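The values are calculated or read from the model by the stated rules, or taken from the named source; none is laboratory data. Model, not experiment: these values are computed from the prediction. Cβ placement follows ideal geometry from the backbone for every residue including glycine, while neighbour counts extend to all protein chains displayed. Ligands, DNA and RNA are excluded from the accessible area calculation, which covers all protein heavy atoms including side chains. Shrake-Rupley method; radii C 1.70, N 1.55, O 1.52, S 1.80 Å.
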Amino acid sequence: ISYLRSIPNMTIMSPKDENELRHMLFTAVQYNGPIALRYPRGASLGVDLDKELKALEIGKAEIVRRGHDVLFICFGPMLRYAQEVASRLEAEIGVTSTLINARFAKPLDEELLEKEIPNYEIVCTIEDNTILGGFGSTVLEFINRENINTQSTIRLFGVIDSFLPHASQSEQHKICGCDSESIYRNLRKDLR
C-alpha cells in the first residue's frame, strides 16, 4: 500500500470481509486502469455472500455504524477490531463511535472524510499495513492539504516500524498495538 500510493492514477482497495472481496474482484475486472486489491491474510470471517456481484464506486467509502464521540476510519479487515472496540466503549463507558469502511486507500473518499472528521473528539485510522506512508498517513496528508479544521486527537493504528517476529496474525497485531484490546486501552486514556 505504502509504495503503490506513489504511482499516479493507481487505485488501491482492501475488503473488510470475503463478501466485499468478491465485489472488489468484480470491480477490478471491469475497471479501465491500474488497480491493486489487497487480499486479506488468514481465514475468512464466515459472512453471508451476496448472490449478485456489483461494481463498487471507485473511491467511495461506507459508514458501517453511526455514533457521536469517536471516529474510526478503517482500511480492510481491520474493521472488525473497530467494531469490537466501539461496542465495548459504548457498553462500558457510554461512548458512541462512527465506523467508516474506507475500502480505498487511493483515491480516498475525500467528500465523506471532510464532512465527518471535524465532528469527533477522537479520530482513529486502523490498517493492517505499515503506519509509515500507509493509509493513516494518507488521511493525515488529506487533513493537512485541505486545511480541515479539527480539534480532534488523531491516532494511527497499524504495523509499527520494526521487524516483527514470526507469529500468527493476531499475535503480530498485539505486538504492534493494533488489536482490539490495545486500541481500547489506548482510547480509554484519551477519553478520561
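Distance from the Cα centre of the range 134-192 to that of the range 86-127, in angstrom? Cα centroid to Cα centroid, the span is 12 Å.
Rolling a 1.4 Å probe over the protein heavy atoms of the chain, with every protein chain left in place, gives an accessible area that is 48 percent carbon and sulfur. Heavy-atom accessible surface of the chain, averaged per residue, reaches 52 Å², computed with a 1.4 Å probe.
Here the range 103-170 is treated with +1 on each Lys and Arg Cβ and -1 on each Asp and Glu Cβ, and its dipole about the Cα centre works out to around 140 debye. Quick one: among Phe75, Phe163, Phe135, which has the greatest mean-square fluctuation in a GNM of the chain with alpha-carbon springs under 10 angstrom? Per the Cα network of the chain with a 10 Å cutoff, Phe163 tops the list.
By the Cα gyration tensor, the range 80-180 has an equivalent ellipsoid whose semi-axes, rounded to whole angstrom, run 23, 19, 11 from largest to smallest.
Exposed loop sites were defined as GluC sites (Glu not before Pro) in DSSP loop states (anything but H, G, I, E or B) carrying at most 15 other C-beta atoms within 10 Å; in the chain the longest segment without such a site runs 58-120. Grouping the Cα pair distances of the range 50-129 into 5 Å bins from zero gives a pair-distance distribution of 3, 15, 26, 23, 17, 9, 5, 2, 0 percent in increasing distance order. The residue among Tyr120, Ser6, Leu21 whose Cα reaches farthest toward the positive pole of the charge dipole of the chain, with charges on the beta-carbon of Lys, Arg, Asp and Glu, is Ser6.
The charge dipole of the range 83-132, taken about its Cα centre with unit charges on the Cβ of Lys, Arg, Asp and Glu (plus for the first two, minus for the last two), comes to roughly 80 debye. Using +1 at the Cβ of each Lys and Arg and -1 at the Cβ of each Asp and Glu in the chain, identify which of Phe142, Tyr31, Thr130 lies farthest towards the dipole's positive end. Most positive-ward Cα: Thr130.
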